[in-house]
Amino acid sequence: MKDPGVYMQMALDLAAKGAGYTSPNPMVGAVVVDSDGRIIGKGYHRSVGGPHAEVHAIDDAGPAARGATLFVTLEPCNHFGRTPPCTQKILEAGIAHVVVAMTDPNPRVEGGGNSFLASRGVQITTGVCEEQAKRLNESFIKFITTRRPFVVLKCAATLDGRLATRTGDSRWITGETSRTYVHSLRHEYDAILVGGGTVKADNPRLTTRIPASPDGRKPKDPLRIILDTRLTLPDTAGVLCSESEAETLIVTGPIDSRRKNTLTRQPNVRILESPLKDGRIDLNALMGILGNMGVISLFIEGGSRVIAGALAAGIVDKVLFFFAPKISGGDDGVPICQGPGPEFMKDCIPVNSMSVRHFDPDILIEGYLK
């Protein structure tokens, strides 16, 4: 048999195919390998409510699964949910050895599946490609352990840090390849958040405009969240008039009932009254509210005051900064962050585990703040 990491990487690659389709469940992939090291079954969790990865892989292997090894990216479940426990499927198939990338982070079930299988004579190995598995399901892990969404902050800027020119023009800073990638990210996250100023300036639809997956699954639009403290959003805004089935949530302060009634006449529009802090939406409090609503992951796209506010509130877990090979050449455009910053360089926010990717011709800098 090959290095266990080779098989687990295959399982991780399969799991990633479920991105955007499995929430609130994690992405999981599985591979069944016989005693000669041959892959005899593969599967992944394709959609919420559907069979888990282990079921697809074992069914793919058929009777040959007896005595084989199952590589799975997350500890098999041992409880009834929308589907029966995968541990039972593993025992019925006669799997002899289960190799697990990471244990289930849910405090209520952590270790339960592994312990149950071990008590029934199944050999258990854990920790193979563990860090890669945690990275894959970072949103699920954050939510299941804190009940707050995993927050990703994205911006697109010139090399000298401008989101738009002095007239507010921002189309387009980055190239088509970058923008297509951002649309795929919108599909992967539960919700997308922007400020009311961005809606007024750019009139975005905040939808996912990518083709269906090879097996015909249609991409989903995220919940659209608009911060609009005084309910000044125009009735003609694209997020209100969009034909998308996704809901638009307008987050505001004390509600003007007359304005609320006007906005909620639009289909799929809801108003949420949220606590204020210094006259603006309290983003920390909002994260708690969104967590209670079951929002597992949140994608923040701006504008500059929202970006600065999210960073100042300490709610951001991950940043995605796209830089285009363009220079504004002035100090009168829209900066990435608008508002006061730290007095000393030592008080800047550190970015960890950074990586750099090219999206012809742009550069994406990705990193973590916590």
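Restricting region 349-365 to residues that are open to solvent by less than 70 Å² (accessible area, probe 1.4 Å) and touching a Leu at 6+ places or on another chain (Cβ under 7 Å) leaves a set whose member that is nearest to GLU301 (Cα to Cα) is LEU364. Beta carbons closer than 8 Å, at least 6 apart along the sequence or on distinct chains, pair a first residue in region 277-296 that is farther than 17 Å from ASP190 by Cβ and basic (Lys, Arg) with a second that is open to solvent by 10 Å² or more (accessible area, probe 1.4 Å) and assigned to a loop (DSSP other than H, G, I, E, B) for ARG280/THR229. Tallying residues that are open to solvent by less than 60 Å² (accessible area, probe 1.4 Å) and either at pLDDT below 95 or in a helix (DSSP H, G or I) (or both) within region 137-151 yields 7.
Of all the residues in region 50-71, those that are of a type outside the set (Lys, Arg) and open to solvent by 40 Å² or more (accessible area, probe 1.4 Å) number 8.
Here's the yes/no breakdown for (1) hydrophobic (A, V, I, L, M, F, W, C); (2) farther than 23 Å from GLU188 by Cα; (3) within 28 Å of the chain's Cα centre (by Cα):
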position: MET10; (1), (2), (3): yes, no, yes
position: VAL33; (1), (2), (3): yes, yes, no
position: ARG38; (1), (2), (3): no, yes, no
position: GLY43; (1), (2), (3): no, no, yes
position: ARG46; (1), (2), (3): no, no, yes
position: GLY49; (1), (2), (3): no, no, yes
position: HIS52; (1), (2), (3): no, no, yes
position: ALA61; (1), (2), (3): yes, yes, no
position: LEU70; (1), (2), (3): yes, yes, yes
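Entry remark, region 31-49: residues being out of contact with any strand residue (DSSP E or B) (no Cβ under 7 Å at 6 or more places or on another chain) and either more than 21 Å from ALA16 (Cα to Cα) or open to solvent by 20 Å² or more (accessible area, probe 1.4 Å) (or both) number 8 in total.
With GLY291, GLY341, GLY329 as the choices, which residue is on the phi > 0 side of the Ramachandran plot and not acidic (Asp, Glu)? Being on the phi > 0 side of the Ramachandran plot and not acidic (Asp, Glu) holds for just one of GLY291, GLY341, GLY329, which is GLY329. Scanning region 335-348 for residues that are closer than 16 Å to CYS155 by Cβ and either at pLDDT 95 or above or open to solvent by 100 Å² or more (accessible area, probe 1.4 Å) (or both) yields PRO335, ILE336, CYS337. In this entry, GLY302 is excluded by the filter for residues that are out of contact with any helix residue (DSSP H, G or I) (no Cβ under 9 Å at 6 or more places or on another chain) and in contact (Cβ under 8 Å) with a residue 24 or more places away in the chain.
Selection of strands (runs of 3 or more DSSP E) fully inside region 269-370 by the criterion of at least 2 residues being among the polar types (S, T, N, Q) returns 352-359.
Number of residues in region 87-103 that are over 16 Å from ALA11 (Cα atoms) and within 25 Å of the chain's Cα centre (by Cα): the value is 0.
Out of curiosity, is ARG265 in a loop (DSSP other than H, G, I, E, B), touching a His at 6+ places or on another chain (Cβ under 7 Å) and either surrounded by fewer than 16 Cβ atoms within 10 Å (Cβ to Cβ) or modelled with pLDDT of 85 or more (or both)? Considered against the rule, which asks whether it is in a loop (DSSP other than H, G, I, E, B), touching a His at 6+ places or on another chain (Cβ under 7 Å) and either surrounded by fewer than 16 Cβ atoms within 10 Å (Cβ to Cβ) or modelled with pLDDT of 85 or more (or both), ARG265 comes out as no. Only one residue in THR229, THR236, THR207, THR252 is open to solvent by 50 Å² or more (accessible area, probe 1.4 Å) and free of Cβ contacts under 8 Å to residues at least 60 places away in the same chain, so which one is that? The unique qualifying residue is THR236.
Of all residues in region 58-110, exactly one satisfies the criterion of being of a type in the set (Phe, Trp, Tyr) and within 12 Å of THR126 (Cα to Cα), namely PHE71.
Every condition in (1) in contact with a Phe, Trp or Tyr (Cβ under 7 Å, 6 or more places away or on another chain); (2) open to solvent by 30 Å² or more (accessible area, probe 1.4 Å); (3) of a type in the set (A, V, I, L, M, F, W, C) is met by PHE116 except one, and the failing one is (1). Of the residues in region 181-199, none is farther than 30 Å from PRO84 by Cβ and in a loop (DSSP other than H, G, I, E, B). For the residues SER297, SER274, the requirement of being modelled with pLDDT of 95 or more, touching a helix residue (DSSP H, G or I) at 6+ places or on another chain (Cβ under 8 Å) and surrounded by 14 or more Cβ atoms within 10 Å (Cβ to Cβ) singles out SER297.
Checking each residue in region 152-174 for being β-branched (Val, Ile, Thr) and either on the phi > 0 side of the Ramachandran plot or in a strand (DSSP E or B) (or both) picks out only VAL152. Scanning region 309-318 for residues that are open to solvent by 10 Å² or more (accessible area, probe 1.4 Å) and either at pLDDT below 95 or of a type in the set (A, V, I, L, M, F, W, C) (or both), which turns out farthest from PHE150 (Cα to Cα)? Looking at the filtered set, the residue picked out is ALA312. I need the full set of residues from region 142-190 which are closer than 30 Å to ASN106 by Cα and charged (D, E, K, R), in order please. Result: LYS142, ARG147, ARG148, LYS154, ARG186, GLU188, ASP190.
The values are calculated or read from the model by the stated rules, or taken from the named source; none is laboratory data. Owing to the predicted nature of the structure, the values given are computational and were not obtained by experimental measurement. In this analysis, Cβ positions are derived from the backbone assuming ideal geometry, glycine residues included, and neighbour counts consider all displayed protein chains. We work out accessible area using only protein heavy atoms, side chains counted, and drop any ligands, DNA or RNA first. Shrake-Rupley method; radii C 1.70, N 1.55, O 1.52, S 1.80 Å.
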